[in-house]
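K.L.:
Structure in structure tokens, see below.
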Amino acid sequence: MTFSTQSKGVYAIATTPFLPDGSLDTPSIDRLTDFYQESGCTGITILGIMGEAPKLEPAE
């Protein structure tokens, strides 16, 4: 998707939930995305450059 001056709506900046051992908390990801959808978000922004993306392994 390309953003422009015509883009409208709410785009949540999603966090990535981790477990205490540093692995991904995939059940929480499912709950989080369901929450954003049920809340009426237009879209979700993930893996922002200033966020957790550099901490993830390629397989994640």
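The values are calculated or read from the model by the stated rules, or taken from the named source; none is laboratory data. Computed from a predicted model, the values in this text were never measured in an experiment. SASA here: full protein model, heavy atoms, side chains in, ligands and nucleic acids out. Shrake-Rupley method; radii C 1.70, N 1.55, O 1.52, S 1.80 Å.
K.L.:
I'd like to check something: does region 13-24 contain any residue that is under 14 Å from the mean Cα position of the chain (by Cα) and modelled with pLDDT of 90 or more? Before you say what the answer is, go through the steps one by one.
P.N.:
Narrowing region 13-24 to residues under 14 Å from the mean Cα position of the chain (by Cα): 13-18, 24.
Remaining after also requiring modelled with pLDDT of 90 or more: none.
Looking through region 13-24, none of the residues is under 14 Å from the mean Cα position of the chain (by Cα) and modelled with pLDDT of 90 or more.
K.L.:
Output the residue which, of all residues in region 22-45 that are of a type in the set (A, V, I, L, M) and part of a strand (DSSP E or B), is farthest from residue 7 (Cα to Cα).
P.N.:
24
K.L.:
Okay, next question. Are any residues in region 1-42 open to solvent by 50 Å² or more (accessible area, probe 1.4 Å) and under 14 Å from residue 56 (Cα atoms), and if so, which ones?
P.N.:
Within region 1-42, 15, 18, 19, 21, 26 meet the criteria.
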